[in-house]
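*Asks:* Sharing a structure below in structure tokens format, with a few things to ask.
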Amino acid sequence: MEIIVDFTPDRPEVADMNLEELRQYWQEIEEKIADLDEEEPEDMDSEAYDDWADRHEALEDIRDEIEERLEEFGE
């Protein structure tokens with residue numbers, strides 16, 4: 001059974017953000033990804049790595065969503 005965990009509870013709604021809020025949120029997510037990259041487990045076959053990869057993917061998905069919204073603003 002797969003358990004899906006939202007690693008970003010209380011995250012703001014990207015669709016409701018203005019340009020400056022999007023830029024700030026993008027920077028915040030970039031920093032979180034960089035921090036998470038420093039914590040990457042060495043054993044790619046471990047549960048810890050799977051958990052890390054899930055969190056990383058969730059943040060990348062948010063970053064992609066922000067970037068799509070920024071494109072709507074012509075950024």
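The values are calculated or read from the model by the stated rules, or taken from the named source; none is laboratory data. Since the model is a prediction, treat every value here as computed from it, not as a measurement. So basically every Cβ, Gly included, is an ideal-geometry build from the backbone, and we count neighbours across all protein chains shown. With ligands, DNA and RNA removed, areas are computed over all heavy atoms of the protein, side chains included. Shrake-Rupley method; radii C 1.70, N 1.55, O 1.52, S 1.80 Å.
*Asks:* Tyr49 passes all but one of (1) touching a helix residue (DSSP H, G or I) at 6+ places or on another chain (Cβ under 8 Å); (2) aromatic (Phe, Trp, Tyr); (3) modelled with pLDDT of 95 or more; which number fails?
*Replies:* So Tyr49 meets the others, but not (1).
*Asks:* Continuing with this model, one more query. List, please: which pairs have Cβ atoms under 7 Å, are six or more places apart or on different chains, and start with a residue in the range 21-34 that is part of a helix (DSSP H, G or I) and end with one that is of a type in the set (Phe, Trp, Tyr) and open to solvent by 80 Å² or more (accessible area, probe 1.4 Å)?
*Replies:* Within 7 Å, no pair qualifies.
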